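> So that we are looking at the same thing, I have put the structure below in structure tokens.
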Amino acid sequence: MKIRKRFLRGTLPVVRLLPLPTAARIVSGIGRFEHRLNRALRLRFDEAVARGGRILGCDWDVPAVSNRLAGNHILWRSRDLLVDVPSNARALGMFDVEGREHLDAARALGKGCIVLTSHFGAHMLPAHWLYRNDYPVKLYMEKPRSLSKFMASRFDHEGPLSQDKLFISRKGDASDAASSILRAARVLKSGMLLFLAGDVRWSGQLTTTARFLDRRYTFSTTWIALAAMTQAPVVPVFCRVGEDSRYHMQFHPHFVLPRDAQDEAQAGGHVQGFLDQLQDQIRRYPADSNEYLFWGDEYAAA
């Protein structure tokens, strides 16, 4: 992993000089080559893909999906570094976007908007696209590593709603969690977009259990609490790497959760609903499943 990271840091500035879809194919080619070369790695991927196919009832071409998944793993770990280029037009040319009207319709309600993402596919690229299109967006998540200089430059560091104050930590206590949620709620009430994931395995307060890939895990319900508290519309978004090596992003129609959605009796159903959407994406695009097929017992429900 360390060798791969050093290699990518040295390679990306060079490959970005090429047409970006070509650069994406070169970067993913590193993972596909490693997959073919390393038998132990290949078997691990093959076993994970075969198991996932059995669970989801899919007749996948295991060797082909396994190899492409290995390539997409490299793109996934490189976050949005591939499109860290000065030209907006060049970066945005890497995106094929469906459903932007759903996002804009949600914003038009005037209550802010939760852009509900996941760790599927090119999961940080929707945030990059939002910044490139000048949407007023904040991230609510653990501070990502290896982000582009472009995205990092859009983070503000001062003020009550600064991006720095919205990054969360698993090491925080209950008071830290409560303060961060209040800040996130203020972001929504100010009319901004809040970008956060609905598939985060967590422990402690604001969690519930749900089934995902035939195992029960404990998931964060923070997004549900925020949506119920603020009545901000929720817009799910999924982004995958297409056969053309571009980012195919889809915004789904918005929904508004009832005010009692954060109650323990209700939260599990809402989490499960989003996870069911996510599993449908994995069925259709298994090579964009990233680490899901490798999830083990960490955060598994008792």
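> Being assigned to a helix (DSSP H, G or I) and over 20 Å from R240 (Cβ atoms) narrows it down to one residue among R68, R9, R32; which is it?
Answer to the check: R9.
> Only residues that are in a loop (DSSP other than H, G, I, E, B), open to solvent by 30 Å² or more (accessible area, probe 1.4 Å) and in contact (Cβ under 8 Å) with a residue 60 or more places away in the chain: list them for region 232-258, please.
Within region 232-258, D244, R246, H252, P253, H254 qualify.
> Can you name every one of the helices (runs of 4 or more DSSP H) wholly within region 124-217 that holds 3 or more residues which are over 18 Å from the mean Cα position of the chain (by Cα) and free of Cβ contacts under 8 Å to residues at least 60 places away in the same chain?
In region 124-217, the matching helices (runs of 4 or more DSSP H) lie at 174-189.
> Looking only at region 35-57, count every residue that is closer than 25 Å to G242 by Cβ and more than 23 Å from the chain's Cα centre (by Cα) and tell me the total.
7
> Here is a further query. Determine whether D96 is loosely packed, with under 15 Cβ neighbours inside 10 Å, at pLDDT 95 or above and not in a helix (DSSP H, G or I).
yes
> Among the hydrophobic types (A, V, I, L, M, F, W, C), closer than 16 Å to V85 by Cα and in a helix (DSSP H, G or I): does that describe V14?
When the stated conditions are applied, V14 passes them.
> Among the listed residues Q262, Q281, Q277, identify the single one that is closer than 28 Å to P136 by Cα, open to solvent by 50 Å² or more (accessible area, probe 1.4 Å) and at pLDDT 95 or above.
Residue meeting the stated conditions: Q277.
> Go through (1) part of a helix (DSSP H, G or I); (2) at pLDDT 95 or above; (3) among the charged types (D, E, K, R) and name the single condition D59 misses.
(1)
> Further, regarding this structure: Out of all the residues in region 1-29, which are of a type in the set (A, V, I, L, M, F, W, C) and open to solvent by 40 Å² or more (accessible area, probe 1.4 Å)?
Result: M1, I3, F7, V14, L17, L18, I26.
> So which residues in region 79-91 are open to solvent by 50 Å² or more (accessible area, probe 1.4 Å) and outside any loop (DSSP other than H, G, I, E, B), if there are any at all?
Of everything in region 79-91, those that are open to solvent by 50 Å² or more (accessible area, probe 1.4 Å) and outside any loop (DSSP other than H, G, I, E, B) turn out to be N88, A89, R90.
> Of all residues in region 133-150, which are touching a strand residue (DSSP E or B) at 6+ places or on another chain (Cβ under 9 Å) and not aromatic (F, W, Y)?
Passing the criteria: P136, V137, K138, L139, M141, E142, K143.
> Here are some conditions: (1) more than 15 Å from R246 (Cβ to Cβ); (2) open to solvent by 10 Å² or more (accessible area, probe 1.4 Å); (3) at pLDDT below 95. L75 meets all but one. Which one does it not meet?
(1)
> Ok, one more. Of everything in region 284-299, what is in a helix (DSSP H, G or I) and surrounded by fewer than 21 Cβ atoms within 10 Å (Cβ to Cβ)? Give them in sequence order.
R284, Y292, F294
The values are calculated or read from the model by the stated rules, or taken from the named source; none is laboratory data. For clarity, every value in this text was computed on a predicted model and none was experimentally measured. Please note: Cβ atoms are built from the backbone with ideal geometry, for glycine as well, and neighbour counts cover all protein chains shown. The protein model used for the area step is the full one, side chains on, heavy atoms only, and it has no ligands, DNA or RNA in it. Shrake-Rupley method; radii C 1.70, N 1.55, O 1.52, S 1.80 Å.
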